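Inspection log for the structure reproduced underneath, given as structure tokens.
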Amino acid sequence: MRYSLLNVIVNGLTGNRFTGPAWRDAAPKPAYDVVIVGGGGHGLATAYYLAKEHGIRNVAVLEKGWIGSGNAGRNTTIFRSNYLLPGNQPFYEWSVKLWEGLEQELNYNVMASQRGIVNLIHSDAQRDAYVRRGNAMRLSGADAELLDREQVRAMMPFLDFDNARFPIKGGLMQARAGTARHDAVVWGYARGADALGVDIIQNCEVRGFTRDAAGRVTGVETTRGTIGAKKVALAVAGSSSRLAAKLDLRLPIESQVLQAFVSEAIKPLVPGVVTFGAGHFYISQSDKGGLVFGGDLDGYNSYAQRGNLPVIEDVCEGGMAVMPLIGRLKLLRQWGGLCDMSMDGSPIIDVGPLPGLYLNTGWSYGGFKATPASGWCFAHTIARDEAHPLSAAMRLDRFATGYVIDEKGVGAQPNLH
Amino acid sequence: MRIDCPYCGSRDAHEFAYLGDATLTRPDPAAPNAAEAFHDWVYLRDNPAGPHSELWYHASGCRRWVVVARDTLTHAVGPTRFACAAAEPREGDAR
């Protein structure tokens, strides 16, 4: 069913009795052309673009729990393309472009709101770095604007401009960045993929893989039986190493925990996304009014989906340094997600390393914004057995060849990216 | 999370800096397959969900490296020992 104003009104007045489910609860078939493991944003977007752009519709998306129950439901919902390096920036800019048209594309309200992001500048050296970054962004076709202190003040008068240690001297703004409703993104892609014939199979955990004598991956063993596949694609943020281990593969990844926080709801205060440049703290305001914020990783390997108190204190200290008024707010919720921290902080979208296998992993803590472009490029990679030009640098073998994409320049230290 | 430092006793994990997997051994740079071995050592990890042997540096304490047995699924911290005691002497090492 195509959603329109008319049927929203009609269905609203009739208690949504005739709306019907947005996607089928599919039972697994014995085999598919493509099996995508992981029913998060990336997996579902991949299925959608495989069906839509490449005409491959005999596709299943397998999800251990319910779709969107992993990192798609544990992020801070920001999209932006303020990257520096040529291996990253055009990819993320394409993602922002897809975000801009996503609601029309999916006929689904993902609540994408281009409210802008401002990276605050606290020193002359930082201004130089952000000028360079802004220029790199504009070279890739993205928008970037350098704000002086008064422009930032006019936008966000509540910031602590005269902080003795970290005075605010300006900001780098990307006006086209914004936030979206994370669940709606998952549901929109699921509904779109389902309408094109993709089977979305929930409560179906992959326990292992089937391989032929030549070593080719020929399917998956799941809690709902063995499913054959010409191609098996992994999009399992947080669990990539666990699944790779079942194929005797070791990945350049450490799974670490990142915490995020929501305050009680208040009246509209923060106009867009703000990042503190002297520590690690970023904040935006949800449409419900809660302040959504986060900061550093806890910094150690973890699959626990929860963090520890010292990092909560650290994040809140960062918040208090840049906008002291949040000290009066109560914390409503706090959660942790599993981040596949790659060794250079950049993702991997690649064919292989085994025949019949395709990898989408290593999103570190930046996977949400990439959802549309990740699906777009991964679908291309699966359909054509070659990298998409926008993700051509995001190869698994870049660590061996030396072509790492190290935005932060800290080397093979996953907890520092 | 509290870590039982062999020298200082039980301390908050915040006093420590984390390095990662303690089971990795620096390969021999003179070996014929050194480039591949160093790639594996620098970049590849087992990244297990469950028991993990890892290196923590007691930066705000005795400043010694400690090998900690910790479960990555539960964050339960187990036995600890000094990294220098854990290091196995290899053939050719100066004694």
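Here are the numbers for the structure shown:
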| quantity | calculated |
| --- | --- |
| Semi-axis lengths, Å, the stretch A:115-162, gyration tensor of Cα atoms, sqrt of 5 times eigenvalues | 21, 14, 7 |
| Partner chain coverage, peptide A:295-305 - average Cβ within 10 angstrom | 6 |
| Gained length - A:GLU221 relative to A:THR19, 0.36 nm times residue gap less alpha-carbon distance | 69.3 nm |
| The stretch A:1-44: Cα Rg divided by the 2.2 N^0.38 Å rule of thumb | 1.69 |
| Spin-label model distance (nm) - A:ARG165 vs A:LYS267, 7 Å beyond Cα toward Cβ | 3.3 |
| Shielding by partners, peptide B:36-45 (average Cβ within 10 angstrom, other chains) | 5 |
| Contour excess over end-to-end distance, with Cα ends at A:LEU309 and A:GLU145 and 0.36 nm allotted per residue | 55.4 nm |
| Under-5 Å amide H pairs with A:PHE209, H placed in peptide plane, nonlocal only | A:GLU221 |
| Tilt relative to chain B, helix B:34-43 - C-alpha long axis, 0 to 90 degrees, to 10 | 20 |
| Pair A:ARG250, A:LEU416: separation of 7 Å Cα→Cβ label points (nm) | 2.1 |
| Protein accessible surface hidden between A and B, which excludes ligands and nucleic acids, total in Å², probe 1.4 Å | 2200 |
| Relative contact order (%) - chain B, alpha-carbon pairs under 8 angstrom, separation at least six | 28 |
| Value of Rg/Rh across the stretch A:32-180 [Cα atoms, Kirkwood radius] | 1.08 |
| Cα-based Rg of the stretch B:14-72 normalised by 2.2 N^0.38 Å, two decimals | 1.33 |
| Percent carbon-and-sulfur accessible area, chain A, ignoring ligands, DNA and RNA, probe 1.4 Å | 54 |
| Solvent-accessible area lost in complex, 40 Å² minimum, residues of the stretch B:58-79 relative to chain alone, 1.4 Å | B:THR72, B:LEU73, B:HIS75 |
| For the stretch A:1-119: rounded, prolate or oblate by the Cα gyration tensor [a/c cutoff 1.5] | oblate |
| Accessible area in the full protein assembly, largest first, 1.4 Å probe, for A:MET320, A:MET173 | A:MET320, A:MET173 |
| Heavy-atom accessible area, 1.4 Å probe, ligands and nucleic acids excluded: residues of the stretch A:376-417 down by at least 10 Å² from chain alone | A:PHE399, A:ALA400, A:VAL404, A:ALA412, A:GLN413, A:ASN415 |
| B:CYS8 paired with B:ASP28, simple spin-label distance in nm, labels 7 Å along Cα-to-beta-carbon | 3.8 |
| Surface accessible to a 1.4 Å probe, A:LEU390 within the full protein complex, Å² | 40 |
| Estimated Rh, the stretch A:366-417: Kirkwood, alpha-carbon pairs, angstrom | 12.5 |
| Largest-first principal axis extents, alpha carbons of the stretch A:244-390, Å | 56, 29, 26 |
| Spherically averaged projected area in nm², based on the convex hull that wraps the Cα atoms of chain A | 20.5 |
| Protection proxy ranking of A:197-206, A:365-374, B:16-25, A:88-97 - average other beta-carbon atoms within 10 Å, highest first | A:365-374, A:88-97, A:197-206, B:16-25 |
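The values are calculated or read from the model by the stated rules, or taken from the named source; none is laboratory data. Bear in mind that the values here come from a model prediction, so they are computed numbers and not experimental data. Heads up, the Cβs are rebuilt from the backbone with ideal geometry, glycines too, and the neighbour counts pull from every protein chain shown. Please note that ligands, DNA and RNA were not included when accessible areas were found on the heavy atoms of the full protein model with its side chains. Shrake-Rupley method; radii C 1.70, N 1.55, O 1.52, S 1.80 Å.
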